[in-house]
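No value in this document is a laboratory result; all are computed from the given coordinates. Model, not experiment: these values are computed from the prediction. Cβ placement follows ideal geometry from the backbone for every residue including glycine, while neighbour counts extend to all protein chains displayed.
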Amino acid sequence: MAQSDSKRALATKLAQIQAKADSAALAGQLTDSAVGPVLAGWSQRLDETVPPARQKDVRDKLDVELKKFAESTYKTVEAQTGKAAEAALVPIFMEKLSEDEMKTIITYLESPVSAKFQALGPDATNAWAKRVVDATKSSVEAGAKNFDTAATRIVNASAGSGAAPAKK
């Protein structure tokens, strides 16, 4: 029983550390997944129902409301991330990690070297992403150009033979 209590305490501490590190990012991802479909639906509806001359004004007004929705959603989701962390993570940590493994992880996560490593994250990720972008840029641009060509052909064919080519 004492070992189980000790293991649970370690799992709880590990869950709290993870929640502190990842709650904001998780809340952002979940907010984006809630806001994205709403934005897409209204953007399409706006294009279909609002005359082009009025679209900018309507988009500006919708952006204000969308920002309110996104901020409210983020606050609601963020408030739950910490609360849900222990309930979700403690059972997983207790099942998948030994007490010694949790001690090792916690020691590392609380160490100065971990803080230093985490601080490198943005620079390391940016350097990595730049390499990927540089290595794939021409292929992605060619794919986008092929898509534009195919999309233009499809839209023009469905619009009738008198349709003007899409502008780039």
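Calculate, for residue 72 and residue 131, the FRET efficiency according to 1/(1 + (r/R0)^6) with r their C-beta to C-beta distance and R0 45 Å; round to the nearest 0.05. Step by step, r from the Cβ atoms, then E = 0.75. Over all other residues within a Cβ to Cβ distance under 12 Å of residue 64, the charged ones net out to -1, with Lys and Arg as +1 and Asp and Glu as -1. Among the listed values (i) -0.41, -0.66, -1.02, -1.38; (ii) -0.38, -0.64, -1.08, -1.55; (iii) -0.72, -0.96, -1.16, -1.28, the one computed from these coordinates for log10 I(q)/I(0) by the Debye sum over Cα atoms at q = 0.10, 0.13, 0.17, 0.21 Å⁻¹ is (iii).
If you take every residue apart from residue 8 with its C-beta less than 13 Å away from the C-beta of residue 8, what net charge results, scoring Lys and Arg +1 and Asp and Glu -1? All intermediate terms of the calculation are to be shown ahead of the outcome.
Numbers: positive: 7, 13; negative: 5, 86, 95, 99.
Taking every Cβ under 13 Å from that of residue 8, the sum is -2.
Using the Cβ-Cβ distance between residue 46 and residue 151 with R0 set to 30 Å, the FRET efficiency works out to roughly 0.90.
Sum up the charges of everything whose Cβ sits under 14 Å from the Cβ of residue 131, counting Lys and Arg as +1 and Asp and Glu as -1, but leave residue 131 out.
Numbers: positive: 130, 137; negative: 123, 134.
Charge balance in the 14 Å sphere: 0.
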